1. Please specify each residue of segment 131-148 satisfying the condition of being in contact with a strand residue (DSSP E or B) (Cβ under 9 Å, 6 or more places away or on another chain) and touching a residue at least 40 places away in the same chain (Cβ under 8 Å).
2. For the structure I just gave you, tell me whether VAL272 is under 22 Å from the mean Cα position of the chain (by Cα) and either surrounded by 17 or more Cβ atoms within 10 Å (Cβ to Cβ) or closer than 26 Å to SER208 by Cβ (or both).
3. Can you tell me which residues in segment 313-326 are open to solvent by 50 Å² or more (accessible area, probe 1.4 Å) and either assigned to a helix (DSSP H, G or I) or touching a His at 6+ places or on another chain (Cβ under 6 Å) (or both)?
4. When segment 247-284 is examined, which residues are found to be of a type in the set (S, T, N, Q), over 19 Å from ILE362 (Cβ atoms) and part of a helix (DSSP H, G or I)?
5. Just to confirm my filter: which helices (runs of 4 or more DSSP H) fall fully inside segment 462-537 and include at least 3 residues that are modelled with pLDDT of 90 or more?
6. Against the condition surrounded by 24 or more Cβ atoms within 10 Å (Cβ to Cβ) and in contact with a helix residue (DSSP H, G or I) (Cβ under 9 Å, 6 or more places away or on another chain), how does PHE445 come out, does it pass?
7. Taking segment 61-92 as the region of interest, how many residues are modelled with pLDDT of 90 or more, open to solvent by 30 Å² or more (accessible area, probe 1.4 Å) and aliphatic (A, V, I, L, M)?
8. Just one of (1) among the hydroxyl-bearing types (Ser, Thr, Tyr); (2) closer than 15 Å to GLY371 by Cβ; (3) in contact (Cβ under 8 Å) with a residue 40 or more places away in the chain trips up THR504, so point out which.
Amino acid sequence: MEINIVFIVILIVILSAGFVSAGDIVHQDNVAPKRPGCANNFVLVKVPIWIDGLENTEYVGVGARFGPTMESKEKLANHTRLALADPPDCCSKPRNQLTGEVILVHRGNCSFTVKANVAEEAGASAILIINNQTELFKMVCESDADVNIKIPAVMLPQDAGSNLENHINNNTRVSVAFYSPKRPAVDIAEVFLWLMAVGTILLASYWSAWTAKEVAIEQDKLLKDASEEFLQVGSAGSSGFVDINTMSAVLFVVFASCFLVMLYKLMSFWFVEVLVVLFCIGGVEGLQMCLVALLSSFSWFQRFAESFIKVPFFGAVSHLTLAVCPFCIAFAVVWAVYRRISFAWIRQDILGIALIITVLQIVRVPNLKVGTVLLGCAFLYDIFWVFASKWLFHESVMIVVARGDRSGEDGIPMLLKIPRMFDPWGGYSVIGFGDIILPGLLVAFSLRYDWLANMNLRAGYFVWAMTAYGLGLLVTYVALNLMDGHGQPALLYIVPFTLGTFITLGKKRGDLKTLWTQGEPERPCPHLQLQPLQQKD
């Protein structure tokens, strides 16, 4: 099982979009030029529809660079009748005189500013443009355009515009309103997501430290008895763990970047299905390992945990593992089949948390040097693929992959997600696995060191590392809200907090050399008693 988990770990960390997000409602664009009268941000706009006075549905469009800014409150938005343009593209003066109606026009061949100026001169109160594609398009201004436009302009996707046009052609009265509600400063989903991330690292760190301490106690007993079986037992006790070295930490950036680009280029429905299968495999193993460890702590299940049976291809497997395995498989399969329903995020988060805890139990950083290299590389990786990749690919590769764009899916599964509860735009707040696993390796290392050094919480490093992670993630969410929901590279904020706190505290206490190279406190007996055993070998 360890080999499978390590494979999943590498894959998950590479795939885990290292960013937090709440979904963009304001789209900045440095390519489209800004100038007086043409300086609006591209904002998403809600367009509620009334048919013969009855509320029917609501579409989402995008506002233009020009015109007045959108009203943010629905109750203040004007409820106005919709009329068809004649000619349909509104590139020339309409044949029908308007008296304050919203005019519905086709994309046509002329510019957006020309349409808006013609509609305003004809007496329209707003212009609603039907795009010639199912996607939305940013409405910009030409360099020589007249941008003294006093009416709002909104674009709708092709299917939504066609539905409105059909209603009007059927002699029904259609009315619309425009407004672009702002997100609340803080959504409770972000609070729960913060608690989930911090709690996951907390549980994983205690499990990792407890295991390391048990192994150390067993080794000390054998050394005290001068037992020659020490090497065998020590090797067996450590076989379930994978220590990261400096080279693998550096290569992480190279392989992760290559794999991320491959995901970006191959992103499609079938490729997301492959990711779902891989996530289910990792989730099943993680959930199984966590449940077995939890149940084994109860005396009722210890007998089943300590009795084994040989299984083809897997070797000796405990009866408890066999009993738990079908439940874990069924749990993951149900999520995979029904992952598009509204409450599927609960199962996804359970599988994800179990996987993260298992990863942090098995994969370890042996010292602060390796942790610094790993987090430093991840820091640069996160920033480049969230921000700098826009220069090469004209969009953020990390965000596109995480959202599952061009795949027809609501994002890749390697995320913890919670629906935004008080957000008028809905959507999810998400955090990538890498933003928990990578700093979690350092936090877990801090608690292992504290326990092996017999430090209490006050004198140790764990409380400081845990607090630094929590503050770093909190600052990430502050930045997320200040940026109107734009995805943020969480490691940009988390790494300086956790790594900076750890190194500064270690230097101040005089432990930095030990933390940097050895990764565990000095133990006087092992070095003296291991030498004769090594000479005998």
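The values are calculated or read from the model by the stated rules, or taken from the named source; none is laboratory data. Everything quoted here is computed from the prediction, not taken from an experiment. No Cβ is skipped: glycine too gets one built from the backbone with ideal geometry, and neighbour counts run over all protein chains shown. Protein only, heavy atoms only, side chains kept; ligands, DNA and RNA dropped before computing areas. Shrake-Rupley method; radii C 1.70, N 1.55, O 1.52, S 1.80 Å.
1. Of everything in segment 131-148, those that are in contact with a strand residue (DSSP E or B) (Cβ under 9 Å, 6 or more places away or on another chain) and touching a residue at least 40 places away in the same chain (Cβ under 8 Å) turn out to be LEU136, PHE137, LYS138, MET139, VAL140, CYS141, SER143, ALA145, VAL147.
2. Against the criterion (under 22 Å from the mean Cα position of the chain (by Cα) and either surrounded by 17 or more Cβ atoms within 10 Å (Cβ to Cβ) or closer than 26 Å to SER208 by Cβ (or both)), VAL272 qualifies.
3. Matches in segment 313-326: HIS319, LEU322, ALA323, PRO326.
4. Hit for segment 247-284 is SER257, nothing else.
5. Details: elements: 462-482, 491-509, 524-536.
In segment 462-537, 462-482, 491-509 are the helices (runs of 4 or more DSSP H) which contain 3 or more residues that are modelled with pLDDT of 90 or more.
6. yes
7. Selection size over segment 61-92: 1.
8. Every listed condition holds for THR504 apart from (3).
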